[in-house]
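Undergrad: I'd like to ask you about the structure that follows.
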Ligand code: SF4
């Protein structure tokens, strides 16, 4: 006696090298079969036949040994039914077609191209008078948002910034404002005035050593309370510099982000958080070339981490064709160059910008960082978790490894 088997349309499944994952995008439940050829072959047939197929008696007994049919029901993955009870195979469909390029075509619709932009980072300048972080030669901004200090002082052209803001004014996005030291930028007040009444979520970034005097504090007070002021703290920690922020960190809309390279710095940051009662805080592990073990402990994911994250079918479909770490994000540097990530060469210059063309090219180019994801890179393309797994980020690019995980 044969059976019809159907997988529900909200299930994501992936099979590689006889390993198979079934993931329920509604409940977050999952089943993983390892080194199981019959289930892998069945998953391939289900994929080819739009989530439904017939299984014959000899296969049924093999699958039963793995408790397959019960697991299917228990996790609301699908169901099977004796073939003789139905005239034809149950009709099955997919909510989102993972196979074709329809989703990408919708991103390329000319009319809505600018709506692909999700985040813009403007480096207002590239200098500061503070010595602590300006002397750093380690490129922290290659890993996360962090001030850049160069020998040759530059400031971004305000007219260009305003014209970009005009293009995205109806499309609320994240706007990051960072320097050098933005308080030293001649454009600072103009930018603040421009952004104080916009629809965007605006974040201003400061290094904690950059709050020099009362003039700076007055400048800070002109920023709308609706925005977030991010204070970046790295180590070694200079207490006297941080104390200048003492009154400010008690206000709403302040977030303190700690740059940590080892466990000792995490402990020190935790002490600072407790002492100054910092509610909104975040940690950025920094890869310094020698702290691989620290990264293994604090950044690498394991199978449980991956399966614990709940993702919708739409999120998974977009992760298959794009990279959420970079998609829709642009960085405008103080010298006018435009980047998707500082780990790649610039993709254009603010003085010759055609925003729609730039967006279209990033969508069109298969190898653009907006699109390259774990389904196409080694070794992740052969892993059943490649769509569920956190996307490639600047950490992978800096470390030269796509698989920041402990999954075997
Ligand atoms: S990093 Fe790559 S190999 Fe590791 S679990 Fe994620 S997709 Fe798989």
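The values are calculated or read from the model by the stated rules, or taken from the named source; none is laboratory data. Quick caveat: nothing in here was measured; it's all calculated off a predicted structure. Reconstructed Cβ throughout: ideal geometry from the backbone, glycine too, with neighbour counts over all protein chains shown.
Undergrad: Determine which single condition residue 229 fails, assuming it passes every other condition in (1) away from the ligand (no atom under 16 Å from the Cβ); (2) surrounded by fewer than 18 Cβ atoms within 10 Å (Cβ to Cβ); (3) under 23 Å from the mean Cα position of the chain (by Cα).
TA: Checking residue 229 against (1) away from the ligand (no atom under 16 Å from the Cβ); (2) surrounded by fewer than 18 Cβ atoms within 10 Å (Cβ to Cβ); (3) under 23 Å from the mean Cα position of the chain (by Cα), the one that fails is (2).
Undergrad: Checking residue 336 against (1) surrounded by 20 or more Cβ atoms within 10 Å (Cβ to Cβ); (2) away from the ligand (no atom under 16 Å from the Cβ), only one condition comes out false. Which one?
TA: All conditions pass for residue 336, except number (1).
Undergrad: In this structure, does residue 303 turn out to be surrounded by 14 or more Cβ atoms within 10 Å (Cβ to Cβ), farther than 30 Å from residue 229 by Cα and modelled with pLDDT of 95 or more?
TA: So residue 303 passes the test.
Undergrad: Would you be able to tell me the number of residues in the stretch 231-247 that are touching a residue at least 40 places away in the same chain (Cβ under 8 Å) and in a strand (DSSP E or B)?
TA: 1
Undergrad: If we keep just the residues of the stretch 273-301 that are in contact with a strand residue (DSSP E or B) (Cβ under 7 Å, 6 or more places away or on another chain) and part of a loop (DSSP other than H, G, I, E, B), which is nearest to the ligand (Cβ to nearest atom)?
TA: 300
Undergrad: Something else: Quick one: which residue in 256, 233 is within 29 Å of residue 287 (Cα to Cα) and in contact with a helix residue (DSSP H, G or I) (Cβ under 6 Å, 6 or more places away or on another chain)?
TA: None of the others qualify; the one that does is 233.
Undergrad: Within the stretch 8-19, identify whether any single residue is surrounded by fewer than 18 Cβ atoms within 10 Å (Cβ to Cβ), under 21 Å from residue 389 (Cα atoms), in contact with a strand residue (DSSP E or B) (Cβ under 8 Å, 6 or more places away or on another chain) and free of Cβ contacts under 8 Å to residues at least 60 places away in the same chain, and answer yes or no.
TA: no
Undergrad: Which residue, of 40, 27, 106, is loosely packed, with under 15 Cβ neighbours inside 10 Å, in a helix (DSSP H, G or I) and either modelled with pLDDT of 90 or more or within 25 Å of the chain's Cα centre (by Cα) (or both)?
TA: 106
Undergrad: Select from the stretch 185-199 the residues that are in contact with a helix residue (DSSP H, G or I) (Cβ under 8 Å, 6 or more places away or on another chain) and assigned to a loop (DSSP other than H, G, I, E, B) and write down the one among them that is surrounded by the most Cβ atoms within 10 Å (Cβ to Cβ).
TA: Taking the candidates together, the pick is 185.
Undergrad: Just to check your reading of the model, which residue among 401, 397 is within 22 Å of residue 296 (Cβ to Cβ), more than 12 Å from the ligand (Cβ to nearest atom) and either modelled with pLDDT of 95 or more or not in a loop (DSSP other than H, G, I, E, B) (or both)?
TA: 397
Undergrad: Identify, by number, the condition in (1) within 15 Å of residue 124 (Cα to Cα); (2) in a helix (DSSP H, G or I) that residue 216 doesn't meet.
TA: Against the list (1) within 15 Å of residue 124 (Cα to Cα); (2) in a helix (DSSP H, G or I), residue 216 comes up short only on (1).
Undergrad: May I ask you to list the residues in the stretch 352-379 that are within 16 Å of the ligand (Cβ to nearest atom) and surrounded by 21 or more Cβ atoms within 10 Å (Cβ to Cβ)?
TA: Selection gives 373, 374.
Undergrad: If you don't mind, there's one more thing I want to ask. Any idea which of 391, 345 is in a loop (DSSP other than H, G, I, E, B), within 16 Å of the ligand (Cβ to nearest atom) and under 22 Å from residue 139 (Cα atoms)?
TA: Sole residue among the options that is in a loop (DSSP other than H, G, I, E, B), within 16 Å of the ligand (Cβ to nearest atom) and under 22 Å from residue 139 (Cα atoms): 391.
Undergrad: With the structure loaded, tell me whether residue 224 is assigned by TED's automatic domain parsing to the domain that holds residue 170, over 22 Å from residue 334 (Cα atoms) and surrounded by fewer than 19 Cβ atoms within 10 Å (Cβ to Cβ) or whether it fails that test.
TA: Judged against the criteria, residue 224 is a match.
Undergrad: Could you list all residues from the stretch 152-184 that are assigned to a helix (DSSP H, G or I), surrounded by fewer than 19 Cβ atoms within 10 Å (Cβ to Cβ) and over 28 Å from the mean Cα position of the chain (by Cα)?
TA: Correct list: 158, 159.
Undergrad: Let me ask something additional. Given the conditions (1) assigned to a loop (DSSP other than H, G, I, E, B); (2) farther than 25 Å from residue 178 by Cα; (3) within 16 Å of the ligand (Cβ to nearest atom), and given that residue 320 satisfies all but one, which numbered condition is not satisfied?
TA: (1)
Undergrad: Same structure again: Residue check: is residue 340 modelled with pLDDT under 95, within 13 Å of the chain's Cα centre (by Cα) and over 26 Å from residue 35 (Cα atoms)?
TA: Answer is no for this residue.
Undergrad: Same structure again: Confirm whether residue 408 is out of contact with any helix residue (DSSP H, G or I) (no Cβ under 8 Å at 6 or more places or on another chain), within 16 Å of the ligand (Cβ to nearest atom) and not in a loop (DSSP other than H, G, I, E, B).
TA: So residue 408 fails the test.
Undergrad: Residue under question is residue 327, and the condition is that it be crowded, with 19+ Cβ neighbours inside 10 Å and at negative phi; does it hold?
TA: So residue 327 passes the test.
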